[in-house]
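Each remark here refers to the structure printed beneath this line.
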């Protein structure tokens, strides 16, 4: 039975190695290594929230909705690309790009909040996810 090493980062940004059994032993079906990363899961969860938020942005702020969708999409894509890189330097570069995209998402949420174009519940959930994601990516960039 194969074993993959998965990087898990807790809320404090501490990185821990966690072992998981191969895909045959999981109920979720086959998964690639990056799909097991907590940082990737947080990024995907934020992407779903971002699409929902973008769909509710009032007319006149379409540019912010578009920017949110693009930045929210960039983060998980760069996390996946980093996981596929063979050198630590290349991986760190893609994790840094993902981190920048997550920070950009936070700025867009702030702009939407100032413009009263996002409700407090979605704003708080989005910021919680982004805070988690940025903490993990900061550790992975090193």
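Which of (1) crowded, with 22+ Cβ neighbours inside 10 Å; (2) within 13 Å of the chain's Cα centre (by Cα) does residue 135 not meet, given it meets every other one?
Result: residue 135 passes all but (1).
Condition (residue is more than 24 Å from residue 131 (Cα to Cα), surrounded by 11 or more Cβ atoms within 10 Å (Cβ to Cβ) and at pLDDT below 95) applied to the stretch 30-51: is it met by at least one residue?
Yes; the residues of the stretch 30-51 include at least one that is more than 24 Å from residue 131 (Cα to Cα), surrounded by 11 or more Cβ atoms within 10 Å (Cβ to Cβ) and at pLDDT below 95.
Return the only residue of 63, 94 being within 24 Å of residue 34 (Cβ to Cβ), modelled with pLDDT of 95 or more and in a helix (DSSP H, G or I).
Among 63, 94, only 94 is within 24 Å of residue 34 (Cβ to Cβ), modelled with pLDDT of 95 or more and in a helix (DSSP H, G or I).
Suppose the filter is under 19 Å from residue 127 (Cβ atoms) and modelled with pLDDT under 95; does residue 9 pass it?
Taking the combined requirement at face value, the residue satisfies it.
Run down 113, 139 and say which single residue is in contact with a strand residue (DSSP E or B) (Cβ under 6 Å, 6 or more places away or on another chain) and over 13 Å from residue 43 (Cα atoms). Let's see the steps before the verdict.
On the way: 113 fails: in contact with a strand residue (DSSP E or B) (Cβ under 6 Å, 6 or more places away or on another chain).
Unique residue meeting the criteria: 139.
Before we move on, is residue 24 out of contact with any strand residue (DSSP E or B) (no Cβ under 7 Å at 6 or more places or on another chain), at pLDDT 95 or above and either under 19 Å from residue 134 (Cα atoms) or surrounded by fewer than 19 Cβ atoms within 10 Å (Cβ to Cβ) (or both)?
No, not satisfied.
Just checking, does the stretch 57-71 include any residue being touching a helix residue (DSSP H, G or I) at 6+ places or on another chain (Cβ under 7 Å), in contact (Cβ under 8 Å) with a residue 60 or more places away in the chain and buried (at least 17 other Cβ atoms within 10 Å of the Cβ)?
yes
The values are calculated or read from the model by the stated rules, or taken from the named source; none is laboratory data. Since this is a predicted model, take the numbers as computed values, not measurements. Using ideal geometry, Cβ is built from the backbone for each residue, glycine included, and neighbour counts are taken over all protein chains shown.
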